[in-house]
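Peer 1: The structure follows.
The values are calculated or read from the model by the stated rules, or taken from the named source; none is laboratory data. Every value quoted in this text rests on a predicted model; they were computed, and no experiment measured them. For neighbour counting, all protein chains shown are included, and Cβ atoms are generated from backbone atoms with ideal geometry for every residue, glycine included.
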Amino acid sequence: MCNCRTRFAPSPTGYMHIGNLRSALYNYLISKSLGGKFILRIEDTDNKRQIKGAEQIIYDTLESTGLSYDEGPSVGGDFGPYIQSERKDIYLKYSKILVDRGGAYYCFCKKKDDNSSCNCRNLSAEEVENFLADRKSYVVRQKMPKEGSTSFDDLVFGHIEVENSGLEDQILIKSDGMPTYNFANVVDDHLMQISHVVRGCEYLSATPKYNLLYESFGWEIPTYVHLPLIMGKNPDGTVTKLSKRAGAVSFLDLVNEGYLPEAIINYIAFLGWCPSSNKEIFSLSELVEEFSIDNIGKSPSIFDYEKLQWVNAQHIKLLSDESFANMAKKYVNFDVDLNKLSKILKSRISKFDQIPEMIDFLREMPKFDKELFLNKKNKTNEENIPIILEKSIEVLEKISDWNNDKLFERLVKLSDDMNLKKNSVMWAVRIAISGKHVTPGGATEILEILGKEESLERLNNSLKLWK
Ligand code: GLU
């Protein structure tokens, strides 16, 4: 066990973006692999950007991916509240402390809500007192040093150093009394005793400013782990910033397309990290076992749908027949034995939304070209097709225990009796009952699913094409 504490700090501004989910996952993996605690904090201080329902999406996503938090909204913990809008007084209190320590100042300018600089940092204590007494509206700005430089060592990106002269006096408390992200994240990470700050690299360049805040408060600076950029692959193969254009990028979109949460998590783990072995398929608990910060790289990673689909296929194969049938249910809109169907689909799909098109022939026999019967490799031709179909019907009519094993045994026997290859009979029968070149499952598996009556009707209809 260690005192490692990480936090996932999303702003409820929309869907759970893949980049956000990766931050959640890495925070989870880092704390769990070190025997520490994982905290959820909702960063909702920017009213303009809030979207209704977005907070619920965060809770639902963490639940369905298994990224359970030890402290957070509704779970509670010693450092709450865990929703920033409920912590307003805390930030105000700390902004006053910071002003007293000389790390920030009140700014009463007209254009106070932008970041342009002004003269307020030079106001005398008396002037400030007077303005406050007059209830003049204000913002609180960070007092940046004018000289020198600020540096820190990120565990992924290494040594980062910036010139202080380039840092603007950013706003910490807005005129409505709400903190900016820039202030709230520092106060909360300190008060919540966060040991490792794990987040996207878009925050890397602002981190020196946060460190100056820690220093002004006299607080210990946390360990930083900034995560590499995630790029998207466009349909034409070019690589750009991950966006809607390059396909679905939110967790829910992916789930709706038929990706399993465990496969999405497995794939996302690889966006910036790789294990020491060449193992590729991991459950969440296996990821916890294997994860190490040392194996996070800084070069951008590419979100590749083909690879995700492959990972998904592997996870689908790992599902129990029962869970598969359960998941497949919503993609099947006609009456069919889901358990039997699952047996032929499980090893053949890489995404659940492939199911409807794959099984449409089971609902209704499609129109098809009888040329499909003719197949060189399986040695079927105009002469033997009608005979095979006729004989198959005769054999099948006599079968009372209609199951795959029995059907297979009888059709193999028929091919022996007819001195044909097994594949000739299977091909002809499969085309006759499916009308499709490619089907999930072979002839006898499909016969079993269709049932005796429907199968014989289809076979007779197909035989008529040859008369
Ligand atoms: N609320 C910020 C975001 O959603 C959090 C960044 C951080 O982890 O510090 O991007």
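Peer 1: Would it be correct to say that Tyr91 is part of a helix (DSSP H, G or I), over 25 Å from the mean Cα position of the chain (by Cα), within 15 Å of the ligand (Cβ to nearest atom) and at pLDDT 95 or above? Show your work before the answer.
Peer 2: Working: part of a helix (DSSP H, G or I): yes; over 25 Å from the mean Cα position of the chain (by Cα): yes; within 15 Å of the ligand (Cβ to nearest atom): yes; at pLDDT 95 or above: yes.
Yes, satisfied.
Peer 1: Restricting attention to segment 187-230, which residues are within 11 Å of the ligand (Cβ to nearest atom) and more than 22 Å from Tyr28 (Cα to Cα)?
Peer 2: Ala206, Tyr210 - these are the residues of segment 187-230 that are within 11 Å of the ligand (Cβ to nearest atom) and more than 22 Å from Tyr28 (Cα to Cα).
Peer 1: Which pairs turn up if I take residues in segment 6-25 that are without any contact (Cβ under 8 Å) to a residue 24 or more places away in the chain and look for partners that are crowded, with 21+ Cβ neighbours inside 10 Å and of a type outside the set (Phe, Trp, Tyr) with beta carbon separation below 8 Å, at least 6 apart in sequence or on another chain?
Peer 2: The qualifying pairs are Asn20/Pro10.
Peer 1: Quick check, is Phe324 closer than 30 Å to Val438 by Cβ and part of a helix (DSSP H, G or I)? Walk me through it before giving the result.
Peer 2: On the way: closer than 30 Å to Val438 by Cβ: yes; part of a helix (DSSP H, G or I): yes.
When the stated conditions are applied, Phe324 passes them.
Peer 1: Within segment 159-183, can you find the residues that are more than 27 Å from the chain's Cα centre (by Cα) and closer than 30 Å to Leu34 by Cα? Explain how you work it out, then say what you get.
Peer 2: Here is the first cut: in segment 159-183, the ones more than 27 Å from the chain's Cα centre (by Cα) are 159-180, 183.
Correct list: His159, Ile160, Glu161, Phe183.
Peer 1: Given the conditions (1) surrounded by 14 or more Cβ atoms within 10 Å (Cβ to Cβ); (2) touching a residue at least 40 places away in the same chain (Cβ under 8 Å), which single one is not true for Gly297?
Peer 2: Looking at each condition in turn, Gly297 falls short on (1).
Peer 1: Go through (1) modelled with pLDDT of 95 or more; (2) within 13 Å of the ligand (Cβ to nearest atom); (3) part of a helix (DSSP H, G or I) one by one and return the number of the condition Ser31 breaks.
Peer 2: (2)
Peer 1: Further, regarding this structure: Can you pull out every residue in segment 346-377 that is over 44 Å from the mean Cα position of the chain (by Cα) and surrounded by 12 or more Cβ atoms within 10 Å (Cβ to Cβ)? It would help to see each step written out before you state the result.
Peer 2: Narrowing segment 346-377 to residues over 44 Å from the mean Cα position of the chain (by Cα): 370-371, 374, 376.
The answer is Lys370, Leu374.
Peer 1: Modelled with pLDDT of 95 or more, on the phi > 0 side of the Ramachandran plot and within 16 Å of the ligand (Cβ to nearest atom): does that describe Gly72? Give the steps one after another, and end with the answer.
Peer 2: Numbers: modelled with pLDDT of 95 or more: yes; on the phi > 0 side of the Ramachandran plot: yes; within 16 Å of the ligand (Cβ to nearest atom): yes.
In short, yes.
Peer 1: If I go through segment 1-25 residue by residue, how many of them are within 12 Å of the ligand (Cβ to nearest atom) and in a strand (DSSP E or B)?
Peer 2: From segment 1-25, those within 12 Å of the ligand (Cβ to nearest atom) are 6-14, 16-17, 19-24; that's our starting set.
Restricting the remaining residues to those that are in a strand (DSSP E or B) gives 6-8, 17.
Counting residues in segment 1-25 that are within 12 Å of the ligand (Cβ to nearest atom) and in a strand (DSSP E or B) gives 4.
Peer 1: At pLDDT 95 or above, polar (S, T, N, Q) and either closer than 22 Å to Arg141 by Cα or within 14 Å of the ligand (Cβ to nearest atom) (or both), is that true of Gln50?
Peer 2: On the way: at pLDDT 95 or above: no; polar (S, T, N, Q): yes; either closer than 22 Å to Arg141 by Cα or within 14 Å of the ligand (Cβ to nearest atom) (or both): yes.
So Gln50 fails the test.
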